[in-house]
Amino acid sequence: MTDLAAVKRALTAQRIETPSWAYANSGTRFKVFTQPGVPRNPEEKIADAATVHQFTGVAPVVALHIPWDKVDDYAALGAYARDLGVEIGAINTNVFQDDDYKLGSVTNPDAGIRRKATDHLLEAIDIMGRTGSRDLKLWFSDGINYPGQDDLRNRQDRLAAALREAYDRLTGNQRMLLEYKLFEPAFYATDVPDWGTSYAHCLELGERATVCIDTGHHAPSTNIEFIVAFLLRQKKLGAFDFNSRFYADDDLMVGAADPFQLFRIMYEIVRGGALDPAYGIAFMLDQCHNIERKIPAIIRSIMNVQEATAKALLVDRDTLTAAQQAGDVLEANAVFMDAYNTDVRPLLAEVRTDAGLDPDPIAAYRRSGHDEKIIAERVGGTQAGWGA
Ligand code: LRH
Ligand code: MN
């Protein structure tokens, strides 16, 4: 029988990290549609993250992206965030927007360009020391567009050398999250294309290096929950970049395109004993709200993760295990689907009420008039986006 009090405690303790860049303008190569009220600086992005935490109670950490969130005083930015009730989380590097990185950053054939890219990784580690962040999050757009364009093996050697130099610079509780992505912007071979490549580099580096799974970075119909189960068993899963997609790296609200997949992923997390923040997995969102209002979209995304998590926690594990042991295929699947088909919204409303929050964060946010307030206040200046 499922212990409902334990389920509620786990949901109350859940922690989701929101990305500073999701509060800013974003788009596609076709168009970036700007919106009124968008932040103009890292402080306003952090203020929006604090607003999301105020209405959800489970998002006290905001990830930064450098140089999009470049400031003169990162320690002061950390203090500013704490004053608003949030912590600065992962520091994301950016070696994908500089002209020098056309043929690669840390994998570039040119040693001088590799040096420049590696120095950026080291700069991010220095920033972590000032913000008190644990996570260095690395994603490399590095890759090639045509067979023969460069040597696949040499590029891996160059990548390994840069990762090693950054890894050896980590101190204290700092760790490295190595994100993979099948393609885009490279369209023939990406240097960290899949979980296996990230995992192999992390093994080579050491225990501080773990894999980051971005749910939008796989070939269609990839069984992501298998990757989760496998990496948990190897103690090499460090983080998620949650979003959802119908086609490629669409970066839509997590759970919007495939709530069943999100449930299956969260079930492997629960089954692996990895939901508790103490386990150390960073559950981050990595999304782009190109046409929808950004703060309510992130609140909705967090609610989607909470709903998938609540359903995963409600799986009757004893009955499931008994059916699995008995080889009772239909019963095992039925037990699993019972949890998925459970309406957990009343349970989550209770959890929020117990935490002193409005049971419906979206309705509460709308009633608050906060969107209208930031639209009225944030006039002038330059809106933040994916530009530096
Ligand atoms: C790459 C990615 C990566 C970030 C960027 C904003 O597609 O998922 O995690 O650096 O988006
Ligand atoms: Mn990502």
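Derived scalar couplings between HN and Hα for the range 355-361 equal 8, x, 9, 5, x, 10, x Hz in order, rounded to whole Hz, by the Karplus curve 6.51 cos²θ - 1.76 cosθ + 1.60 (θ = phi - 60°), x for Gly and Pro.
Counting only C-alpha contacts under 8 Å and six or more residues apart, can you give the relative contact order of the chain as a whole percent?
Values: 694 pairs, mean separation 82.5, N = 388.
Dividing the mean separation by the residue count of the chain yields 21 percent.
Summary of the geometry: the range 31-80 and the range 102-164, compared by the centres of their Cα atoms, lie 25 Å apart.
Multiply the residue gap between Gln149 and Lys70 by 0.36 nm, knock off their C-alpha separation, and tell me the result in nm, one decimal place. Could the numbers behind the result be given before it?
Details: separation 79, 0.36 × 79 = 28.44 nm, distance 3.37 nm.
Working it through step by step, the gained length comes to 25.1 nm.
For Gln149, no residue has an amide H sitting under 5 Å from its own, ignoring neighbours fewer than 5 places away on the same chain, with H placed 1.01 Å from N.
How big is the dipole moment of the range 220-305 about its Cα centre under a simple scheme where the beta carbon of each Lys and Arg is +1, that of each Asp and Glu is -1, and everything else is neutral? Debye, nearest 20, please. Could the numbers behind the result be given before it?
Working: 9 positive and 10 negative charges, 49 e Å.
Dipole about the Cα centre, nearest 20: 240 debye.
Sort 314-324, 97-107 by packing, meaning the average of other beta carbons within 10 Å per residue, with the highest value first. All intermediate terms of the calculation are to be shown ahead of the outcome.
Values: 314-324: 16.1, 97-107: 18.5.
Result, highest mean Cβ count within 10 Å first: 97-107, 314-324.
Annotation: average projected area of the chain is 19.5 square nanometres, based on the convex hull of Cα atoms across all directions. Spin-label model, Thr321 to Thr222: label points 7 Å out along the Cα-to-beta-carbon direction sit 3.1 nm apart.
What do the square roots of 5 times the Cα gyration tensor eigenvalues come to for the range 33-169, in whole Å, largest first, as semi-axes of the equivalent ellipsoid? Don't skip to the end; give the middle numbers.
On the way: eigenvalues 214, 56, 31 Å².
Equivalent ellipsoid of the range 33-169: 33, 17, 12 Å, largest first.
When restricted to Cα atoms, the range 291-379 yields an Rg and a Dmax of 18.7, 64 Å, respectively. For the range 1-88, the share of alpha carbon pairs falling in successive 5 Å distance bins from zero is 3, 13, 21, 20, 15, 11, 8, 5, 4, 2, 0 percent.
As a length-normalised measure over Cα pairs under 8 Å and 6 or more apart, the relative contact order of the range 260-332 settles at 39 percent.
Taking the chain as the region of interest, the number of lysine pairs whose Cα atoms are within less than 20 Å, with members eight or more places apart or on different chains, is 16.
Based solely on its DSSP helices, what 222 nm [θ] is calculated for the chain when runs of n ≥ 4 H residues each add -39,500 (n - 2.57) and the sum is averaged over all residues, nearest 500 deg cm²/dmol? Using -39500 (n - 2.57) per qualifying helix, the result is -14000 deg cm²/dmol.
Throughout, read-outs are computed from the coordinates displayed, never taken from laboratory work. Every value quoted in this text rests on a predicted model; they were computed, and no experiment measured them. Note that each Cβ is placed from the backbone with ideal geometry, even for glycine, and that neighbours are counted across all protein chains shown.
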